[in-house]
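Structure, as structure tokens:
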Amino acid sequence: MNERLQVYEGKMTKTMSNLEAELAAIRAGRANPNVLNKIMVDYYGSPTPIQQVANVSVPEARMIQIQPWEKSMVKVIEKAILTSDLGINPANDGTTIRLVFPELTEERRKELVKDVKKKGEAAKVAIRNIRRDGNDAFKKLKGSDVSEDEIKDMEDDLQKMTDKFVKEIDKAVESKSKEVMTV
């Protein structure tokens, strides 16, 4: 593959990774430790992910258990969860924090699916913007040592790449939507 195209493929791959991370953070009624990914705690002055200061496990389908390695971290983690947008009140017994996820209502599931689709659309827009940037860059090559046929081939390859990523996004959105709607 042309190294000029690799730049755009890298950007598209990054967009896809971001979408997958965002979708992983959406809770689908089941307890998923990924919902904690964006929550940082103050660990000796530096913001640190919960997974790096505690053992995070899923003992039941709708419960996450967080066992800090240092007892002093229990309150810090609890506070971080309360101030996050997770919307769940942590239960703390002095050594362990439990997050119990309520069953999602039909209405809430539909809202989450809308959110999933919105994130998918945003990712597609990002992919198309990358394609546009690529095509603009290729057009600027006219008159240089790159032939018009080569430019046309690069544009075609970029379009194929765009189509492939858009398909992947659709698949990811479809799969996450199904997961959210499954009771």
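What is the distance, in nm, between label points placed 7 Å from the Cα along the Cα-to-Cβ direction at E70 and at V125?
Label at E70, label at V125, 4.3 nm between them.
Compute log10 of I(q)/I(0) for region 91-182 with the Debye formula, placing one identical point scatterer on every Cα and leaving out solvent, at q = 0.10, 0.16 Å⁻¹, to two decimals.
Ignoring solvent entirely, the Cα scatterers give -0.49, -0.77.
Counting only GluC sites (Glu not before Pro) that are in a DSSP loop and have at most 14 other C-beta atoms within 10 Å, tell me the longest site-free stretch of the chain.
Counting at most 14 other Cβ atoms within 10 Å as exposed, the longest clean stretch of the chain is 104-183.
Averaged per residue, what accessible area in Å² does region 59-176 show with a 1.4 Å probe, protein chains only?
Here the per-residue accessible area is 61 Å².
For the chain, which whole percent of the accessible surface, found with a 1.4 angstrom probe, sits on carbon and sulfur atoms?
Roughly 50 percent of what the probe reaches on the chain is carbon or sulfur.
With contacts defined as alpha carbon pairs under 8 Å and 6 or more residues apart, what's the relative contact order of region 1-138 in percent?
RCO, region 1-138: 24 percent.
Angle check, please: helix 73-83 long axis (alpha carbons) against the longest principal axis of the chain (alpha carbons), in degrees 0 to 90, nearest 10.
Roughly 60 degrees between the two axes.
What whole number of Å gives the distance from the Cα centroid of region 127-183 to the Cα centroid of region 2-47?
Result: 21 Å between the Cα centres.
Using only the Cα atoms of region 100-146, build the gyration tensor, take square roots of its eigenvalues as a ≥ b ≥ c, and label the shape rounded, prolate or oblate: rounded if a/c is under 1.5, else prolate if a/b is larger than b/c, else oblate.
Cα axes put region 100-146 in the prolate bin.
Let me check I've understood the local charge: for V41, count other residues with C-beta under 13 angstrom from its C-beta, Lys and Arg +1, Asp and Glu -1. What total comes out? Intermediate values should be presented prior to the final figure.
On the way: positive: K38, K75, K79; negative: D42, E70, E78.
My count for the surroundings of V41 gives 0.
Cα gyration tensor of region 1-93, axes a ≥ b ≥ c as square roots of the eigenvalues: rounded (a/c below 1.5), prolate (a/b > b/c) or oblate?
prolate
Report, to the nearest 10°, how far helix 148-181 tilts away from the longest principal axis of the Cα atoms in the chain, using its own Cα long axis and a range of 0 to 90°.
Taking the Cα atoms of the chain, the angle to 148-181 is about 20 degrees.
The values are calculated or read from the model by the stated rules, or taken from the named source; none is laboratory data. Everything quoted here is computed from the prediction, not taken from an experiment. Positions of Cβ are backbone-derived with ideal geometry, glycine not excepted, and every protein chain shown enters the neighbour counts. Note: areas computed on protein heavy atoms with side chains; ligands, DNA, RNA excluded. Shrake-Rupley method; radii C 1.70, N 1.55, O 1.52, S 1.80 Å.
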